[in-house]
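These notes concern the structure reproduced below.
All of the numbers you see were taken from the coordinates with simple rules; none came from a lab. The structure presented is a predicted model; accordingly, all values stated were derived computationally and were not measured. Neighbour counts are summed over all protein chains in view; Cβ atoms, including those assigned to glycine, are modelled from backbone coordinates with ideal geometry.
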Amino acid sequence: LVGWLAALLYSWLAIRVLGQGSFLIAAIIASACSIGLSLLFGYLLLGLVRYQHSTQARLARRAHQDGLTGAYNRRYFFDLAERELARAQRYEMSCALLLLDVDHFKQVNERCGPICGDQLLCEICDACTETLRQGDVLARVGGEAFAVFLPHTDPLGALDVAERLRERITRLGFHWRGQPLPISASIGVASLRNEHLSLEQLLSDADRALANAK
């Protein structure tokens, strides 16, 4: 609107200074030019805003996600798990933690190469994501290690989730260069108890359970 009014003012001043010309024709031309330029600059500005928002979203994802698998990274997972654990303790809700480790992953890398290992980890992450509920939190916390935080989940429910994950990975049907590669995983389960005062204690129990599963 300001640009349109300025264009009309300049057209009127030009006609007054030159002493000739039609103000109506000048006003029509000035209006068309100002509207066209406004639409152009508005389109460019909206494009810049969209680009800025998409860039910020990508940076946020990179800060939270593992670069290979797309799961949450270790740092973000622990921050989120600590908040969820504190909420569960405050409101006396159940929750559980799973630690998942791919069996014989080192041998897979040595036998087939790191590209095969990377693809395997991505497919395992996808399989876990398909199996878990929407509110469950999956993260890659080590080379071939994943962690899952299960809010609102009792011990029996946590064991059921772990078994479904283990079976899903076993039935993955992973192939490398046309050859089937049998895959399995070990999972340690720890459910929140009264003696768990911190996330480290819950992780320690899950880690011991994982060692027993191995």
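In cubic angstrom, how much convex hull volume per residue do the alpha carbon atoms of segment 40-147 span?
145 Å³
May I ask you to derive the relative contact order of the chain, considering only C-alpha pairs under 8 Å and at least 6 residues apart, and to give it as an integer percent? Before the final figure, lay out each step's value.
Working: 255 pairs, mean separation 43.8, N = 214.
Answer for the chain is 20 percent.
Nearest 10 degrees is fine. How inclined is helix 199-213 to the longest principal axis of the chain, computing both from alpha carbons?
50 degrees
Work out from phi, with θ = phi - 60° and the Karplus expression 6.51 cos²θ - 1.76 cosθ + 1.60, the ³J(HN,Hα) of each residue of segment 104-114, listed in order in whole Hz, and give x for Gly and Pro.
Running phi through 6.51 cos²θ - 1.76 cosθ + 1.60 with θ = phi - 60° gives 6, 5, 4, 5, 4, 5, 5, 7, 10, x, x Hz.
Which cysteines does the chain leave without a neighbouring Cys Cβ under 4.7 Å?
By the Cβ distance rule, which asks for a partner under 4.7 Å, the isolated cysteines are 33, 95, 122, 125, 128.
Determine the shape class of segment 79-135: with a ≥ b ≥ c the square roots of the Cα gyration tensor eigenvalues, call it rounded for a/c under 1.5, and otherwise prolate if a/b is greater than b/c, oblate otherwise.
It is prolate, given that a/c is not under 1.5 and a/b is the larger ratio.
Out of all Cα-Cα pairs in segment 89-214, roughly what percent, to the nearest whole number, are more than 25 Å apart?
Roughly 25 percent, rounded to a whole number.
Taking the radius of gyration and the Kirkwood hydrodynamic radius from Cα positions alone, what is the Rg/Rh ratio for the chain, to two decimal places?
Reported Rg/Rh, Kirkwood definition of Rh: 1.39.
Helix 155-170 sits at what angle to the longest principal axis of the chain, using alpha carbons and giving 0 to 90 degrees rounded to 10?
Helix 155-170 sits at roughly 80 degrees to that axis.
Working only with C-alpha atoms, what are the Rg and Dmax values of segment 162-211, expressed in angstrom?
Answer for segment 162-211, Rg first and Dmax second: 15.6, 50 Å.
Under a point spin-label approximation (7 Å from Cα along Cα-to-Cβ), what is the residue 46-residue 181 distance to one decimal in nm?
That separation, rounded to one decimal, is 4.8 nm.
Rounded to whole Hz and in sequence order, give me ³J(HN,Hα) for segment 46-52 from the Karplus expression 6.51 cos²θ - 1.76 cosθ + 1.60, θ = phi - 60°, writing x for Gly and Pro.
5, x, 5, 5, 4, 5, 5
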